[in-house]
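Visitor: Pasting in a structure now, in structure tokens, and then I'll have a few things to ask.
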Protein chains: 2
Amino acid sequence: MSARYALGIDFGTESGRAVLVDCADGSEVAASVYPYANGVIDERLPDSGVELEPEWALQDPADYVRTLQHAVPEVLAGIPPEDVVGVGIDFTSCTMLPTTADGTPLCDIPELCASPHAWVKLWKHHAAQPEADEINAVAARRGERWIARYGGKISSEWFFPKSLQILREDPGVYARAERLIEAADWIVWQLTGVESRNNTTAGYKAIWSKADGFPPTEYFAALDEGFAQVVDEKMSRRIDSIGGRAGGIDERAAAWTGLRPGTPVAIANVDAHVSAPAVGGIEPGTLTVIMGTSNCHILLGDRLAEVEGMCGVVEDGVVPGLFGYEAGQSAVGDIFAWFVENCVPPQTHELARTHGVDVHHLLEEQAAALAVAENGLLALDWWNGNRSVLVDAGLSGLVVGLSLSTRPQDVYRALLEATAFGTRVIVESFERAGVPVDRIVACGGLPQRNRLLMQIYAGVLGRPVEVAGSEQAPALGSAMFGAVAGGAHESIREASQGMAPPIAETYLPDPASRPAYDALFAEYVRLHDHFGRGADDVMKTLKRLRDEAERAIPRLAPA
Amino acid sequence: MSARYALGIDFGTESGRAVLVDCADGSEVAASVYPYANGVIDERLPDSGVELEPEWALQDPADYVRTLQHAVPEVLAGIPPEDVVGVGIDFTSCTMLPTTADGTPLCDIPELCASPHAWVKLWKHHAAQPEADEINAVAARRGERWIARYGGKISSEWFFPKSLQILREDPGVYARAERLIEAADWIVWQLTGVESRNNTTAGYKAIWSKADGFPPTEYFAALDEGFAQVVDEKMSRRIDSIGGRAGGIDERAAAWTGLRPGTPVAIANVDAHVSAPAVGGIEPGTLTVIMGTSNCHILLGDRLAEVEGMCGVVEDGVVPGLFGYEAGQSAVGDIFAWFVENCVPPQTHELARTHGVDVHHLLEEQAAALAVAENGLLALDWWNGNRSVLVDAGLSGLVVGLSLSTRPQDVYRALLEATAFGTRVIVESFERAGVPVDRIVACGGLPQRNRLLMQIYAGVLGRPVEVAGSEQAPALGSAMFGAVAGGAHESIREASQGMAPPIAETYLPDPASRPAYDALFAEYVRLHDHFGRGADDVMKTLKRLRDEAERAIPRLAPA
């Protein structure tokens, strides 16, 4: 076999990344990143300048195509196209868009481009909370059994809340939408010319299961008569399994990318889910934690269980033959970046310059010099709401313990710890539900960049945390699916065994820090339950008052 | 009468200030500030370098003498000494020190200068909370009636907790202390050569009253056998009323200051309490709010009431013939300064430079552009504990509502508002107890510097807030007492009527902001009660864990 390489393309929040790997051992041959020109659209629409409301987060689908046009040719430079055995893609999810029947995004249609609902709703678009609340309430009222697969609650981040928001707020755009589709499936459509729908996003984000399909039409009708036929009119009941082939590169995509027409393209997949095979996490009991702007937790189990606040469980959703559980934390690296951008005084920046390190690194050093609990602080890590286990985008961040002697590194450490406490809540929720966590493997951007963070996770979790060998787990995982689609490996399991690099480093908990971490965690859990389970709704009241205040402000017309 | 001037000396937290005013109309003739060389000592002792524990705050009495040596001669330059009719002083309180029988501070004795307990304990020394807890518990057990005059609780900031801490932690220093004395009385001793004790600090800070004197010896014995005779051995039962004369400038003080020997010196007083006559707040129902690093509230009433969490009520404690009520907030300007020092990113500093304003001012402008509640945030203003109405130094600051779109000006505004909510809690506590608040006058450093702050106070309190005409109210008030001591005015009431400048400006509440402020205040009160009244002790647990962590860290010997 002359074909030796697989191409993985990872569509992230801020950029798209193409990685070419060797099918034999997974080693990286070339990589290229395309930073999205329009990035995350959360203030104004491009061109029209239409202002967005709070909690909105959109993207421009042209940025995905530009990733194909720029990043892919770059990694293929000097490689004979026939040496690329297959292509896999992964995407953030649920990131979804409305299109015409031929796949044209509605935001590309001139008369719709000033309509916010015509654009891609990014995973962290949080404005569909009223619709999520309604979806959950109607499910509870009707006793819908599928809700148990989603930890008892559908998140505002998912497919039907976002779709219902379009119907409710812009019926015209909803009517024009001949297709509502995950961006993951949409980009595969752009590569192959063929529309397909993958079982991972359908299962985790769109209330589909292998056994039961979608919720019944009566359920959708109970939400809104106009929503009754959403699946049949705008989606598809044909769901394809990950690990399969969606089609081949078509002529247009070949011209964009430099790939050979006909090159096999795998069924679309999700960034977090492809990371599990990429780090070698394909056995029951292995928890893969993808740590970046947010945390995503993928846990494999050999049986179906009901876990509070998980995002979902899908049979065959990660690797065939196992139940793939997903949980998540809506903001992790995003919180640290927010802190460094907004809360670090000039003297810390100056000190970082003097030491020749970046500010994150200096804060990490300063915070690492603190004993556990020495900062006197505790935070709830809900800067972007809480995905698991509370499934509530209406929650917000909290810091307690502030004093006149609190320094930036004290707060920074509290933020790192808060995200570790959030992960521990998730791990304990799985274990309480009878889904064992035997091994924890971390990947994503953060574990390699922040040693203190990993040491804190090991300490808070009280168990070893392994750091994956690949720094580009999603792209590598996608390449593995591409290799399977192209026949270079028989199965994703075989691809993982052959292509996943060895663990880079293992962080062990320091037994001396255990009592203090446990004491802090007990406080975290009490605050978590008090503010997260309805005893005190101050976070929601503040958002409501903010929304009322913002609605009362006269808006300038867009320029 | 050729003598025309009165001298007021205000001993603050960071500096001492001398102001010479005209006795006829209170107009300022000259002013001078001496920034304390050793400032607030909260990390290491001067010279010895001995490290202090958390919550400690000391001062160096030599800084007070240097204020006399530097600031006073400066304001007297060109003034014939015989034109100075009298001198009044005010001090932070309870700021106290141990001395020998001749008034020598124990920290000036070489073999004691490395003992932290030999130094001046500043008002914001918060390390005597265990002793305060014990003082309150023993009072409750014995049914001591005087506790009602202190809102039901003695603060850790006050005289006996600080004294008992010396006994408990350093019995050697306690034994060597022939006198335990307020710094206010000590500096008058240094000026006149005569020890006196004023009824204001005795009444507010040392559990004394005109009717009942000090608590009984049995009470002190119940705290500690060694503490039984504290009043008779180390203090005095002779208490002099403010408005009187302590003595005349002695030869040594004349040499330090340039004042004429024999110049009358008023009985010592407290910064907050002298401010009431300085702003013209001498009628029942007038609340004077002294706003600086902390807030102090002085309210005059014509009857005795029990008010939750007030610092104290003293008959004749502010002006003769009325009950002077005191309440306080342990940190106000200190919180804003902490924020600007520790939490404001370079781009905000840069913008301030571009606009040619300081960072406080820029943040004020940015925060003023926000609608009420638009920041989505709420804070508890307990960065330095809570003085009124919870009387608990073990509490700490909290911010809730944080999100990835929270900006520095959002937090800054939440901090301003939090201190206004804290003041509203105090006002409502007085009114609930039947002590009316008819008029609010603000003075201190902040009201003239931060217009947004005053607008927020008016909005949150829902009533006009007047800003006093004098920017140096304490020094002016002290000068009034000096004028009375020197006979230029018959009484402090007459001095206030003659010398207080007219109100500079009145802030009116905006009725449109009322509903949002009331809604935020309701949330504030619920959080205040939840974290402040024992339902959730997380703030104390965090301090305990911090203290345990710090004790476990090996300390370096002082250099």
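The values are calculated or read from the model by the stated rules, or taken from the named source; none is laboratory data. Since the structure is predicted, the reported quantities are computational estimates derived from the model, not experimental observations. For neighbour counting, all protein chains shown are included, and Cβ atoms are generated from backbone atoms with ideal geometry for every residue, glycine included.
Condition check ((1) part of a loop (DSSP other than H, G, I, E, B); (2) in contact with a Ser or Thr (Cβ under 6 Å, 6 or more places away or on another chain); (3) away from every other protein chain (no Cβ under 14 Å)) across all residues:
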| position | (1), (2), (3) |
| --- | --- |
| A:THR13 | yes, yes, no |
| A:VAL19 | no, no, yes |
| A:ALA24 | yes, no, yes |
| A:VAL29 | no, no, yes |
| A:SER32 | no, no, yes |
| A:ASN38 | yes, no, yes |
| A:PRO46 | yes, no, yes |
| A:PRO54 | yes, no, no |
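Visitor: Against the definition (assigned to a helix (DSSP H, G or I), modelled with pLDDT under 95 and out of contact with any Pro (no Cβ under 7 Å at 6 or more places or on another chain)), how does A:ARG551 come out, yes or no?
Guide: Yes: the conditions hold for A:ARG551.
Visitor: Still on this structure, please answer the following. Assigned by TED's automatic domain parsing to the domain that holds B:ARG168 and surrounded by fewer than 22 Cβ atoms within 10 Å (Cβ to Cβ): is that true of B:GLY226 in this structure?
Guide: Yes.
Visitor: Restricting attention to the range A:362-377, and to residues there that are within 13 Å of chain B (Cβ to nearest Cβ) and assigned to a helix (DSSP H, G or I), which single residue is surrounded by the most Cβ atoms within 10 Å (Cβ to Cβ)?
Guide: A:LEU363
Visitor: While we're here: Test A:ALA30 against the stated conditions and say whether it is closer than 20 Å to A:SER275 by Cα and in contact with a helix residue (DSSP H, G or I) (Cβ under 7 Å, 6 or more places away or on another chain).
Guide: In short, yes.
Visitor: State whether the residues of the range B:54-70 include one that is at pLDDT below 95 and in contact with an Asp or Glu (Cβ under 9 Å, 6 or more places away or on another chain).
Guide: Scanning the range B:54-70 turns up at least one residue that is at pLDDT below 95 and in contact with an Asp or Glu (Cβ under 9 Å, 6 or more places away or on another chain).
Visitor: Right, next: Could you please find all residues in the range B:339-361 being under 24 Å from A:VAL359 (Cβ atoms), under 28 Å from the mean Cα position of the chain (by Cα), part of a helix (DSSP H, G or I) and more than 8 Å from chain A (Cβ to nearest Cβ)?
Guide: B:PHE339, B:VAL340, B:VAL359, B:HIS360
Visitor: Pairs under 6 Å by beta carbon, first residue under 15 Å from B:VAL120 (Cα atoms) in the range B:176-190, partner of a type in the set (Phe, Trp, Tyr) and crowded, with 23+ Cβ neighbours inside 10 Å, six or more apart or different chains?
Guide: If the second residue must be of a type in the set (Phe, Trp, Tyr) and crowded, with 23+ Cβ neighbours inside 10 Å, the pairs left are B:ALA183/B:PHE91; B:ALA184/B:PHE91; B:ILE187/B:TYR64.
Visitor: Search the range B:231-282 for residues being under 30 Å from B:ALA433 (Cα atoms) and without any contact (Cβ under 8 Å) to a residue 60 or more places away in the chain, and hand back the single one that is surrounded by the fewest Cβ atoms within 10 Å (Cβ to Cβ).
Guide: Here the answer is B:ASP240.
Visitor: Here's a follow-up. Considering the range B:378-399 alone, what residues qualify as being facing chain A (nearest Cβ under 7 Å), within 19 Å of B:ILE456 (Cα to Cα) and in contact (Cβ under 8 Å) with a residue 24 or more places away in the chain?
Guide: Within the range B:378-399, just B:LEU378 meets the criteria.
Visitor: Would you kindly identify the strands (runs of 3 or more DSSP E) lying entirely within the range A:212-324 that contain at least 3 residues that are not aliphatic (A, V, I, L, M)?
Guide: Where strands (runs of 3 or more DSSP E) fall fully within the range A:212-324 and carry at least 3 residues being not aliphatic (A, V, I, L, M), they are A:245-248, A:295-301.
Visitor: Okay, moving on. Those residues that are among the small types (Gly, Ala, Ser) and under 13 Å from A:LEU398 (Cα atoms), I need them from the range A:527-551; list them, please.
Guide: A:GLY532
Visitor: Further question: Please go through the range A:491-511 and give me each residue that is within 20 Å of A:LEU476 (Cβ to Cβ) and part of a helix (DSSP H, G or I), ordered by number.
Guide: Residues satisfying the conditions are A:ILE492, A:ARG493, A:GLU494, A:ALA495, A:SER496, A:GLN497, A:GLY498, A:MET499.
Visitor: Checking the conditions here, which among B:VAL484, B:VAL427, B:VAL411 is under 18 Å from B:HIS273 (Cα atoms) and assigned by TED's automatic domain parsing to the domain that holds B:PRO320?
Guide: B:VAL427
Visitor: Here's a check for you: in the range A:400-430, which residue that is away from chain B (no Cβ under 14 Å) and not small (Gly, Ala, Ser) is surrounded by the fewest Cβ atoms within 10 Å (Cβ to Cβ)?
Guide: A:GLU428
Visitor: Here's another thing I want to ask about it. Could you tell me whether B:PHE336 is within 14 Å of chain A (Cβ to nearest Cβ), of a type outside the set (Ser, Thr, Tyr) and under 26 Å from the mean Cα position of the chain (by Cα)?
Guide: So B:PHE336 fits the description; yes.
Visitor: Name, by its number, the condition in (1) of a type outside the set (Val, Ile, Thr); (2) surrounded by 18 or more Cβ atoms within 10 Å (Cβ to Cβ); (3) part of a helix (DSSP H, G or I) that does not hold for A:GLN69.
Guide: A:GLN69 satisfies every listed condition except (2).
Visitor: I would also like to ask the following. Which condition from (1) more than 9 Å from every other protein chain (Cβ to nearest Cβ); (2) among the hydrophobic types (A, V, I, L, M, F, W, C); (3) in a helix (DSSP H, G or I) is the one that A:PHE531 breaks?
Guide: That leaves (1) as the condition not met.
Visitor: Six or more apart or on different chains, Cβ atoms under 7 Å: show the pairs whose first residue is in the range B:400-429 and free of Cβ contacts under 8 Å to residues at least 24 places away in the same chain and whose second is part of a loop (DSSP other than H, G, I, E, B).
Guide: B:LEU404/A:ALA331; B:LEU404/A:ASN384
Visitor: Return the residues of the range B:86-115 that are more than 24 Å from B:SER275 (Cβ to Cβ) and buried (at least 23 other Cβ atoms within 10 Å of the Cβ); say none if nothing qualifies.
Guide: B:PRO98, B:THR99, B:PRO105, B:LEU106, B:CYS107
This table checks each residue for (1) buried (at least 21 other Cβ atoms within 10 Å of the Cβ); (2) in contact with an Asp or Glu (Cβ under 9 Å, 6 or more places away or on another chain); (3) aromatic (Phe, Trp, Tyr).
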{"site": "A:GLY477", "(1), (2), (3)": "yes, yes, no"}
{"site": "A:PHE481", "(1), (2), (3)": "yes, yes, yes"}
{"site": "A:VAL484", "(1), (2), (3)": "yes, yes, no"}
{"site": "A:SER496", "(1), (2), (3)": "yes, no, no"}
{"site": "A:ALA504", "(1), (2), (3)": "no, yes, no"}
{"site": "A:LEU520", "(1), (2), (3)": "yes, yes, no"}
{"site": "A:HIS530", "(1), (2), (3)": "no, yes, no"}
{"site": "A:LEU545", "(1), (2), (3)": "yes, yes, no"}
{"site": "A:ILE553", "(1), (2), (3)": "no, yes, no"}
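Visitor: In the range B:142-160, how many are in contact with a helix residue (DSSP H, G or I) (Cβ under 8 Å, 6 or more places away or on another chain) and either outside the structural domain of B:LEU223 (by TED's automatic domain parsing) or in a helix (DSSP H, G or I) (or both)?
Guide: Total meeting the criteria: 5.
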